[in-house]
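Single-structure report; data block below.
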Amino acid sequence: MSHFYLPVQWNENPIIAPDALRHHLRVRRIRADQSFQVFNGQGMIADAQMIHEPSDKQTLLTLSNIRRDISCESPYDLILIQGLAANEKMDWIIEKSVELGVKKIIPLQMDRSIVRLDDKKAEKKLSHWEQIIISSCEQCGRSVVPTIEASQTLKSFLSQWDSSSNDLLKIYLSPIADLKLISILKRAPGQGLILMIGPEGGFSPEEDNLIAEKGFIGASIGQRILRTETAGTVAMSAVHALWGQL
């Protein structure tokens with residue numbers, strides 16, 4: 001069944017479909033006699049049906065069987081701190097992270113980041129990334145929309161970081177780390193994870209020291225050096241495999 005984002009208030013019936021949903025209904029050629037699923041981004045889903053065929057002006061929806069369903073969400077928190085990667089790479093990272101159950105994404109400008117965003121570009125990128133997250137949720141069936149923060153520098157992020165603020169496992173990936181990611185994950189099953197990944201070129205030596213000082217554990221994921229857009233997908237897949245979600 002098709003699965004669409006419907007963030008408006010559900011206490012009214014019928015509901016006016018937002019422009020984005022109306023566009024989806026036309027593109028998918030969904031008819032008034034067909035049911036589809038909607039979600040509000042906070043764990044609620046419902047069966048929906050159009051009162052009439054979709055139009056360019058207005059489409060009315062009726063909702064039924066409204067219920068809470070977080071069966072596609074991970075039972076533990078998974079937070080990705082990602083060094084800014086170039087253009088399509090960053091889009092791909094965000095898309096696949098959502099598919100793999102990430103709860104929050106924190107993009108950071110790092111010393112070796114190729115992309116440099118001023119305030120105007122950062123605001124535009126944030127809006128673009130939010131749309132990718134929604135589309136990915138629609139594709140993979142999630143009912144809770146992950147959050148993404150506005151990009152900031154690594155130093156700014158670390159200056160506000162309180163390592164005692166939660167009990168999640170804190171790991172940053174480094175090809176020169178002595179510890180293996182797999183061995184760390186096996187010792188803390190289901191604890192939840194904050195995973196930090198560098199941009200193209202990885203962390204600078206200074207960044208490596210700053211991150212370690214904030215309580216993050218350095219870990220490697222094998223003999224080969226992976227691209228930034230590959231590392232997170234591999235690491236999160238390993239998390240789910242070892243913690244019983246695959």
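Report, to the nearest 10°, how far helix 228-242 tilts away from the longest principal axis of the Cα atoms in the chain, using its own Cα long axis and a range of 0 to 90°.
80
Cut-off under 22 Å on the C-alpha distance; same-chain residues fewer than 8 positions from Lys57 excluded. Which lysines are left, in chain and number order?
Excluding near neighbours in sequence, the set is empty.
Using only the heavy atoms of the protein chains and a 1.4 Å probe, how would Cys140, Cys72 rank by accessible area, largest first? Kindly include the intermediate steps, with their values, before the conclusion.
Numbers: Cys140 40, Cys72 70 Å².
Highest to lowest solvent-accessible surface, that is Cys72, Cys140.
Which is the longest part of the chain that has none of the trypsin sites (Lys or Arg not before Pro) sitting in a DSSP loop with at most 14 other Cβ atoms within 10 Å? Mind dumping the intermediate values first?
Numbers: sites that count: Arg28, Arg29, Arg31, Lys57, Arg116, Arg224, Arg227.
Longest run free of exposed loop sites: 117-223.
Report, ordered by chain and residue number, the lysines lying within cross-link reach of Lys104, taken as a straight Cα distance under 25 Å and ignoring same-chain residues fewer than 8 apart.
In chain and number order, the partners are Lys89, Lys96, Lys120, Lys121, Lys124, Lys125, Lys155, Lys170, Lys180, Lys186, Lys214.
Could you estimate the translational diffusion coefficient of the chain from the Stokes-Einstein equation, with Rh from the Kirkwood formula over C-alpha pairs, at 37 °C and 0.692 mPa s, in whole µm²/s? Intermediate results must be reported in sequence, preceding the final value.
Details: Rh = 19.5 Å.
Here the translational diffusion coefficient equals 168 µm²/s.
Can you tell me how segment 35-74 classifies by the Cα gyration tensor, rounded, prolate or oblate, using a/c under 1.5 as the rounded cut? Intermediate results must be reported in sequence, preceding the final value.
Working: a/c = 3.37, a/b = 2.38, b/c = 1.42.
It comes out prolate by the Cα gyration axes.
State the Cα centre-to-centre distance between segment 49-123 and segment 135-211 in whole Å.
Centre-to-centre (Cα) distance: 17 Å.
May I ask for the Rg/Rh ratio of segment 115-246, computed from Cα atoms with Rh as the Kirkwood radius, given to two decimals?
Details: Rg = 15.8 Å, Rh = 16.5 Å.
Rg divided by Rh gives 0.96.
Using helices alone, I'd like the mean residue ellipticity at 222 nm for the chain: each DSSP H run of four-plus residues gives -39500 (n - 2.57), total over residue count, nearest 500. Write down the numbers at each step before the final one.
On the way: 7 runs with 81 residues, N = 246.
After summing the helix terms and dividing by residue count, I get -10000 deg cm²/dmol.
Mind checking the angle between helix 87-99 and the chain's longest principal axis? C-alpha axes, 0 to 90 degrees, to the nearest 10.
70
Counting only other residues whose beta carbon sits under 12 Å from that of Leu242, what net charge do I get with K and R as +1, D and E as -1?
That works out to +3.
Compute the angle between helix 119-140 and the longest alpha-carbon principal axis of the chain, please, reported from 0 to 90 degrees and rounded to the nearest 10.
That works out to roughly 70 degrees.
Please turn the phi angles of segment 59-72 into ³J(HN,Hα) values with the Karplus equation 6.51 cos²θ - 1.76 cosθ + 1.60 (θ = phi - 60°), one per residue in order, whole Hz, x for glycine and proline.
10, 9, 10, 10, 10, 9, 6, 6, 7, 8, 8, 10, 5, 8
Quick check for me: using +1 on Lys/Arg Cβ and -1 on Asp/Glu Cβ, what's the dipole size of the chain about its Cα centre, in debye to the nearest 20? If you can, show how the numbers build up before the last one.
Values: 27 positive and 29 negative charges, 80 e Å.
Using only the charged Cβ atoms, the result is roughly 380 debye.
Quick one: which residues, 5 or more positions from Gly218 or on another chain, have an amide H under 5 Å from its amide H? H modelled 1.01 Å from N in the peptide plane, none for Pro or chain starts.
Tyr172
Mean-square fluctuation check for the chain, GNM, Cα pairs under 10 Å: which of Leu21, Leu181, Leu169 is largest?
In the Gaussian network model the winner is Leu21.
The values are calculated or read from the model by the stated rules, or taken from the named source; none is laboratory data. The structure presented is a predicted model; accordingly, all values stated were derived computationally and were not measured. Backbone-built Cβ (ideal geometry, glycine too); neighbour counts: all protein chains shown. We work out accessible area using only protein heavy atoms, side chains counted, and drop any ligands, DNA or RNA first. Shrake-Rupley method; radii C 1.70, N 1.55, O 1.52, S 1.80 Å.
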